[in-house]
Amino acid sequence: MLSGTERHELQHQVDGPHLPLPPAVAELLAGFSDEAQDRVGRELSAYLAEMTAKEAPPQLTLVHLFPFGVVARGGAEHRVATIVLETLSGKKLRLGAREVDPEAYAQAFEEQVGRGDDELREAARRGYREHFGVDLQEPVRE
């Protein structure tokens, strides 16, 4: 678990001050402040990176995010949980613009946590590329 958290925090440093706003975040948070949109974009980047850590099962990230998607109404983690599961599953999990469909969300969660580690890590890398337009950089330990 520690390596996943380290990867998450490292990604915040890698992203620096000029992280582009993913279109999915702009669409989901249309009308919200630039600060709110930026926070969700940054957390999306970090959570997707966390899922690629080799020393931690990527399912742990989904387990951590799951309650935010069904219980919380608003907040960065709620938005990120929704976008991550929509990205990995390839399905829209919302009713209308923002309200999460709890049944679809739970089904997508079950499907994704059932995937193998390497398959899920690769899906997270593809999701990062989809949202940020570049490949996720792998950290190099010296």
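Below is a table of values for the structure above.
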quantity: Leading residue at positive end of dipole, the chain (Cβ point charges), from Phe109, Phe66, Gly96; calculated: Gly96
quantity: Alpha-carbon gyration tensor eigenvalues x 5, square-rooted, for the chain, Å; calculated: 22, 19, 12
quantity: Positive minus negative residues near His8 (Lys, Arg vs Asp, Glu; Cβ under 10 Å); calculated: -3
quantity: Amide H partners (placed H, <5 Å) of Arg94, local residues excluded; calculated: Asp101
quantity: For the chain: relative contact order, % (alpha-carbon pairs under 8 angstrom, 6 or more apart); calculated: 26 percent
quantity: Student exercise, the range 73-113 dipole from Lys, Arg, Asp, Glu Cβ charges, in Debye to nearest 20; calculated: 220 debye
quantity: Computed magnitude of the charge dipole of the chain (debye, nearest 20; Cβ of K, R +1, Cβ of D, E -1); calculated: 240 debye
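No lab work stands behind these numbers, since they all come straight from the coordinates. Since the structure is predicted, the reported quantities are computational estimates derived from the model, not experimental observations. Positions of Cβ are generated from backbone atoms using ideal geometry, with glycine treated the same way; all protein chains shown enter the neighbour counts.
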